[in-house]
Structures are given as C-alpha cells and as structure tokens.
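Here is the structure we will look at, set down as structure tokens.
The values are calculated or read from the model by the stated rules, or taken from the named source; none is laboratory data. For clarity, every value in this text was computed on a predicted model and none was experimentally measured. Using ideal geometry, Cβ is built from the backbone for each residue, glycine included, and neighbour counts are taken over all protein chains shown. All accessible areas refer to the heavy atoms of the entire protein, side chains included, with ligands and DNA or RNA removed. Shrake-Rupley method; radii C 1.70, N 1.55, O 1.52, S 1.80 Å.
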Amino acid sequence: MAVELYLDLLSQPCRSVLIFAKKNNIPHEVRNISLMDGEQYGDHFGKISLIRKVPALRDGDFTLTESPAILLYLAQKFQTPEHWYPADLQQRARIDEYLSWQHCALRLHGSKVFWLKLMIPEVLHVEVPKEKMEAAVEQLSDSLNLLEEKFLQDRPFIAGGRISLADLVAIVEVMQPVACGLDVFGGRPKLNAWRDRVQAAIGKELFDEVHQNILGSQERVKEMDGSKLESSKAKILNLFM
Amino acid sequence: MAARQALQVHLDLLSQPCRALHILLACTRLPHTVRHVALRRGEHRTPEFTEINPMQKVPVMVDNGFILTESDAIIKYLVNKYDVPDHWYPRQPERRARVDEYTAWHHTHTRPHAAKVFLLEVLLPAQTGSPVEAQRLVGALSQLQETLDQLESMFLRRQPFLCGDDITVADLLAVCEIMQPEGGGRDVLQDRPLLQRWKSRVRAAVGDAFDQAHAVLYALRDRRRAKL
C-alpha cells in the first residue's frame, strides 16, 4: 500500500523525503501542498496533521511530520539499503548527530539567506539592510565550514564511505541558497567534491528533477503574487530580520 | 577495571540538554563519569575541551574513545547501545517515529523559545550589566506562549506524555527547556494546568533525579531572589 506524502518542493525537507522515496522505489503518492498559497492552513491538511507542516506522511492511520522522523520511518518500514542508516551504532550516531545539529545551523542559515536575498526583497518588496544580508551570509559560511571540517573531515560522506540520510538532509539545504543566486560552492573544493558524490549516489536525473522548481526561483519571483504572503509577512520579517 | 566507566559525559547543569542527559543517566543507572564544564567560567573554550569538541558546546559524550555531541544523538545512542527500558526510545517503529518527530520539532520550537526568555532575563543582563530589554522580552514570551499552546494542543492532546502513554526521552528534553526560565524566577507554566500536570507526571516518573539535575538552576534562582 502506498504512503501519502504531503509536499511542497520549494521546501528543503520535502525534497529529501521525495528523493528518498523515489530512489528506494517506495510506493508513494504525492499530494502537493502549496506553502505560498497557505494550503498548510487548510481544513483538509489540518486533518492530516495538527502540526501543519510539510513534509507530512500518511501511512494508513499513522501520520508523521518532520523530515528526519519521516526518513527514519521509511528506512525502517521499507527496509532500504543499510547505508542510509547503518546498524553500526557509531555510524548511526554520526547521522543522528548531524540531523540534530543541522536544524539550527545549516538549515536555519540557508533558509535565512534564501529569504533575505530573494523572497523578502522581490516578493514582499521589503528592503533588506546590507548588514543583515552580510551577517546571514557569514552565518551560512560558518555552517558550511562546520559541515566540511567537523561532519565530513576527510570522509567521502558524513557517516563514512557511503551516502546516508545525513548527506541527503544536508544537500537539500545547501541547494536552497544556491537557488537564490549565492555562489555557495565558490572557493570550496571539498564541498564541491562532496556535492558531486552525493548527486552521483542519488542519480543526477532524480536530483535535478526534484530541484527543478526551487532552482527556477529567481525567474519565478518576477511573476509571484506577493499579496499571498501578506498574512505571513509580519511573522516572516520577525523570523529573518 | 570496569569497562563501563569508560563512559564519560561532559556537562554543565545550567544547560538544558545537559540536564536531560543527566536525568536519563540517573534513571537508567548507566555507570558513567561526569566531567563538569563551567560555561560561566569559559571552560568550554579551553584547549583541552576544544580538542574533545571543536564546537565548544555541551553536552559531549565520550564512550571508550568515541566522541559524540548533540544531546538527542547522545541520548539515542545510549538507549540503543545499553540495556535500558524500551519506553525511553521505543523500538516499535510508529512509537519511535513519534519520538523522532518531537525531538526534531523541539529544536525549532521548545528549545529556542524557552532559551530566549532565559537569555533575555538572566544571561544578557548578567553578562552586559544592562537592564532587561523589555520589548524583546515581550516578543520572546509571546513566541514561547505559542509553543506552549502547541505542546498542549499537538503533543499532549489525549495522552499523558508528549509521545504517548509512557515517558520518553522527548519529555526529558522538553521539561528541561521549560524549566530554564525558572533560573530567572519565572514559571512559564503558571497558568497552564495541562502542562503542569504533564510536568508532575514527568517528575514522578524520574523521581529524585529531577531536583538533583536542577539544583544548580534552583541555586541561581535563589541567589537572584536574595539580591532583590
């Protein structure tokens, strides 16, 4: 029986879940939830999950949010290849460590750059002070340094020789600031090489397919209707500015 | 030589995730050594500590030479590795997923929102000597209220603990964050009977370990009260 995946591919964690499902041939049905249109606040989605966040999974009567939880659940349920979340406790712990750290680090900083560089000025039409932009880029740089120096070190992937859930969760976050036009990989040969390995392990076609929407962001914002975000404007500005 | 004492944890009990780990270790009686790291005295920035954890944060676990950071990773590792009661981090996939869901959500809600109140009311004024930034505190309290609302309506809806019928590591992580503003004399659960009942259940489940872990926080609160 197929699981239902409630996704908006503009969202980083939705991309990691979809890549994982497709790569592992997990029977699934995608239900698109448009964050820009506020569909996460609709009645229907509220019945799926009180938490009202994407990605969300429904498997029969069981519903789940938060991409690390969803990925772990799918890995276990569908008995995906061991390298995604190895049985070895130390490798597993390395992955859990990354999944924990990234919430308030790479995920936060990458999102912030995306909103400050693109969405807030181009869609909300609010000017972003130069210092705030620079500070956000620097925070992102610090996170990328930690990804390289602490989580990768001299390993090909975060947990060792093979791709795992940690790399998957990491790569989709790294792609977000790429999508707003920031040169994330410039001057970072290690990150570049890791990105190439991750893309190869996932499969370039799948990777590109899932990232198609977000990578078109710079073009799309020109046609985007900013009024749809009006109700969230205060919250967004409070969060990122 | 007892191999188990090869488990070392580096903690500062003023830190919320350190307390959650401390309580789990006490409840499960896993033999371990505690190395205290006084954040207030900058002990996390010493060369010795930085060698163990370049990110200069606590808690850190060293298990027979294996170094691990991030409290949820440490807690899950210990529960997976050692023989502890299943309820802490259940093996049954759906129950485990509920804990994974909370521990992820925790990072973007409970942890930052409760910590910010403590930061604004206690840490920043202590470090800078400036008065509390009232406007920012109002904002932080409002954000925390929203998070507490969500804890009640999303996680404690029709169940005694955050992830089901029994206490899990999620409850430990959450309660320690919610306790933090008490260091500044603020009980954020004051008008929230549902969360108060949950907190009582958590305290009952962990026994003396709760107050033992929070002794340093209580001492801070009492010292501040004495100054008023």
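Key figures
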quantity	calculated
Accessible area of segment A:89-240 belonging to carbon and sulfur atoms, whole % at 1.4 Å probe	48
nm² value of the averaged projected area, convex hull over the Cα atoms of segment B:114-228	7.4
Partners for A:LYS233 among lysines (Cα-Cα distance below 17 Å; same-chain residues under 8 apart left out)	A:LYS112, A:LYS117
Ranked by how many other beta carbons lie within 10 Å on average, peptides A:20-26, B:156-162, B:19-25, B:172-178 from highest	B:172-178, B:19-25, A:20-26, B:156-162
In order through segment B:219-228: 3J(HN,Hα) via Karplus (6.51 cos²θ - 1.76 cosθ + 1.60), integer Hz, x for Gly, Pro	4, 4, 4, 5, 5, 5, 5, 5, 7, 6
Under-5 Å amide H pairs with A:ILE33, H placed in peptide plane, nonlocal only	A:LEU7, A:ASP8
For chain B, built as a Gaussian network whose Cα springs stay under 10 Å, the top-fluctuating residue of B:ASN64, B:ASN53, B:ASN80	B:ASN64
Debye log10 I(q)/I(0) for chain A, one point scatterer per Cα, at q = 0.11, 0.18 Å⁻¹	-0.58, -1.51
Residue-by-residue Karplus 3J(HN,Hα) for segment A:98-103, coefficients 6.51, -1.76, 1.60, Hz, glycine and proline x	5, 4, 6, 4, 5, 3
Hull-based mean projected area of the protein assembly as shown, where the convex hull spans the alpha carbons, in square nanometres	22.9
Length-normalised contact order of chain B in % [C-alpha pairs under 8 Å, at least 6 apart]	22
Kirkwood-type radius of chain B, with distances r between different C-alpha atoms, in Å	18.3
DSSP bridge pairs, chain A: antiparallel proportion in percent, nearest 5	60
Shielding by partners - mean other protein chain Cβ count within 10 Å, residues of A:61-71	5
Fraction of antiparallel bridges per DSSP, the protein assembly as shown only, in percent to nearest 5	65
Cα coordinate range in segment B:8-87, projected on the principal axes (Å, largest first)	37, 24, 19
Among B:GLN190, B:GLN143, B:GLN56, residue whose mean-square fluctuation peaks in a GNM of chain B (springs only between Cα atoms under 10 Å)	B:GLN190
10 Å Cβ neighbours from other chains, averaged over peptide A:103-111	2
Spatial separation of Cα centroids for segment A:106-136 and segment A:148-217, in angstrom	21
Percentage relative contact order, chain A, counting C-alpha pairs under 8 Å, at least six apart	23
Antiparallel DSSP beta bridges within chain B, as percent of all bridges there, nearest 5	70
Unsatisfied cross-links (Cα-Cα over 29 Å) in the set A:LYS53/B:LYS76; A:LYS77/B:LYS81; A:LYS77/A:LYS235; A:LYS132/A:LYS222; A:LYS190/B:LYS81	A:LYS77/A:LYS235; A:LYS190/B:LYS81
Computed over segment B:100-193: relative contact order in percent, which uses C-alpha pairs under 8 Å that are six or more apart	35
Accessible surface buried once A binds B (1.4 Å probe; total of both sides; Å²)	2500
Integer Hz, Karplus 6.51/-1.76/1.60 couplings in order for segment A:171-177, x for Gly and Pro	5, 5, 6, 4, 5, 5, x
Cα-Cα P(r), segment B:171-214, percent of pairs per 5 Å interval	5, 22, 33, 28, 11, 0
